[in-house]
Amino acid sequence: MVQTERMVKIRIVCRGPSDENSAEFEDRRGREDGLFNKNHPIGICGNLSSSPTGQECLSAQKTIRGKWDGNSTREMQIGKITLFLDITAKKGGIQVKTRTEQVMLDLIMTFAKKDHRIRGVLMNGSRVNPNIKKDIFQDYDIVYLVTDVEPFKDENFILSHFGEVMLMEKPEDKIFPPPIGDGRYTYLIQFMDGNRIDMHFIPINKVDELIQDSLTRVLLDKDHNIPDIPPPSEQSYLIKKPTEKLYNDCCNSFIWGLGAHIPKTIWRQELPLLMRLIDIVLREPLIQMLEWYVGIKTDYKYSIGKGGRYLKKFLEPEIWNDFEKTYTDANYDHIWSSLFLFHDLFKKTAEHVGQVYGFQFPEEECKRALSFLKHVKELPQDTKSIF
């Protein structure tokens, strides 16, 4: 049922003008029925405080078909609906205007406030991290705390509120990769205007577990039942000091990879497996060792981020330059060179960490692994024996 006196803010996507003052309105996907879909609510970029459907859409469609009068914005009254048209045209193509942070937060909050099944909203991730410089690609990591997850699996209901979608992933509906399977339902949505929301619907009874993440801010608590939490910080993600067991295991993983996995795979020239192994058995232990190195430098007051994304910020230029050179292309000569760089950088870093904490670096094992790697490098492709 269409309510009276409501405002629907829509951005109309139009073709670049064929002359100075006119352009036809069209749907970005070029559907025959134009901007308004006959069967579903409107899901266009912009603020949708409500979405007209059915006959109202068809009426609106007929009204806006015609020539653009050259104005970038205007209002249009269609029956009991007021359309605010925010029109952006670019000669020869389409120009999209990215919604601001405030607009996105208003959408997120309006959706929650209007639905009695949503009892709270959390935001986490980089947007609440006080140590992260804001940039244009930051996601909105949103958790809706709900009484029942099932109704929110209706894709059309969700998408009609948030805007035009470019790409979407629903991890809990997939078998590759396997879903988390903890009762949540997730939409990972990349919108046409460049914004992205990672939207999780999680039962309200899991709130105590969720707020253990130190990068969490409570945006809405309808029932005042969410426990008080400190301001968002990186506390949950700070580098932790190594134990001797962790240190030894890290060294063993790297040395075993360098001396056992890598030599036979590069000699066989099994490129897909080789590149995967380099990341798993060499790069992961190296990043872990570099993380401890950074922890020592900074008194364990910082995080290097997911996958070591902030390593460059903390490493000396010469160390970072060596680390960069471990990333190579598919040329086998370049890969061989990178393997020896891996060895040198890991050994140097591990010896420093070991010295600080009194841990013994496995020098002899490392020498044997390096010696075997060098030996395999010189083996002809038609050899019948390793030695």
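Listed here are the residues, each with its yes/no results for (1) closer than 20 Å to Asn129 by Cα; (2) surrounded by 19 or more Cβ atoms within 10 Å (Cβ to Cβ); (3) in contact (Cβ under 8 Å) with a residue 40 or more places away in the chain.
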{"site": "Pro171", "(1), (2), (3)": "no, no, no"}
{"site": "Pro178", "(1), (2), (3)": "no, no, no"}
{"site": "Gly183", "(1), (2), (3)": "no, no, no"}
{"site": "Phe191", "(1), (2), (3)": "no, yes, yes"}
{"site": "Gly194", "(1), (2), (3)": "no, no, yes"}
{"site": "Phe201", "(1), (2), (3)": "no, yes, yes"}
{"site": "Lys222", "(1), (2), (3)": "no, no, yes"}
{"site": "Pro231", "(1), (2), (3)": "yes, no, yes"}
So, first residue at pLDDT 95 or above in segment 104-115, second residue not in a helix (DSSP H, G or I) and not aromatic (Phe, Trp, Tyr), Cβ within less than 6 Å, six or more apart or across chains; the pairs are Met104/Asn195; Ile108/Ile142; Ala112/Ile118; Ala112/Val121; Ala112/Leu220
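Looking at this structure, is Asp148 in a strand (DSSP E or B) and assigned by TED's automatic domain parsing to the domain that holds Asp223?
On the way: in a strand (DSSP E or B): no; assigned by TED's automatic domain parsing to the domain that holds Asp223: yes.
Judged against the criteria, Asp148 is not a match.
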Residues of segment 235-256 that turn out to be closer than 15 Å to Leu373 by Cα and surrounded by fewer than 21 Cβ atoms within 10 Å (Cβ to Cβ), as a count
1
Sort out which residues of segment 118-160 are under 21 Å from Asn205 (Cβ atoms) and among the charged types (D, E, K, R), and write them in order of number.
Arg119, Asp141, Asp148, Glu150, Lys153
Does Asp198 fit the bill of being assigned by TED's automatic domain parsing to the domain that holds Asn225, out of contact with any helix residue (DSSP H, G or I) (no Cβ under 6 Å at 6 or more places or on another chain) and not in a strand (DSSP E or B)?
no
When the residues of segment 309-337 are narrowed to those that are surrounded by 17 or more Cβ atoms within 10 Å (Cβ to Cβ) and farther than 24 Å from Ala260 by Cβ, which ends up nearest to the chain's Cα centre (by Cα)?
Leu311
Assuming Met275 fulfils every condition listed in (1) in contact with a Phe, Trp or Tyr (Cβ under 9 Å, 6 or more places away or on another chain); (2) more than 30 Å from Ser233 (Cα to Cα); (3) in a helix (DSSP H, G or I) apart from one, which condition is it?
(1)
Arg99 - would you say it is touching a Cys at 6+ places or on another chain (Cβ under 9 Å), over 29 Å from Leu238 (Cα atoms) and surrounded by 14 or more Cβ atoms within 10 Å (Cβ to Cβ)?
yes
How about segment 240-259: which of its residues are in contact (Cβ under 8 Å) with a residue 40 or more places away in the chain and under 30 Å from Ser337 (Cβ atoms)?
Pro242, Tyr247, Asn248, Cys250, Cys251, Asn252, Phe254, Ile255, Trp256, Leu258, Gly259
From Phe340, Phe387, Phe361, Phe323, residue being more than 16 Å from Asn252 (Cβ to Cβ) and not in a helix (DSSP H, G or I):
Phe387
Out of (1) assigned to a loop (DSSP other than H, G, I, E, B); (2) acidic (Asp, Glu); (3) in contact with a helix residue (DSSP H, G or I) (Cβ under 7 Å, 6 or more places away or on another chain), the one Asp329 does not meet is (3)
Criterion (touching a strand residue (DSSP E or B) at 6+ places or on another chain (Cβ under 9 Å) and either modelled with pLDDT under 95 or within 25 Å of Ser236 (Cα to Cα) (or both)) met by exactly one of Asp148, Asp135, Asp182, Asp173
Asp182
Need a quick list: helices (runs of 4 or more DSSP H) entirely within segment 207-271 having at least 2 residues that are under 31 Å from the mean Cα position of the chain (by Cα) and closer than 30 Å to Phe111 by Cβ.
207-210
Among Ile180, Ile189, Ile142, the single one that is part of a strand (DSSP E or B) and under 30 Å from Tyr302 (Cβ atoms) is Ile142
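The values are calculated or read from the model by the stated rules, or taken from the named source; none is laboratory data. Remember, it's a predicted structure, so these values are computed and weren't measured experimentally. Cβ atoms come from the backbone with ideal geometry, glycine included; neighbour counts cover every protein chain shown.
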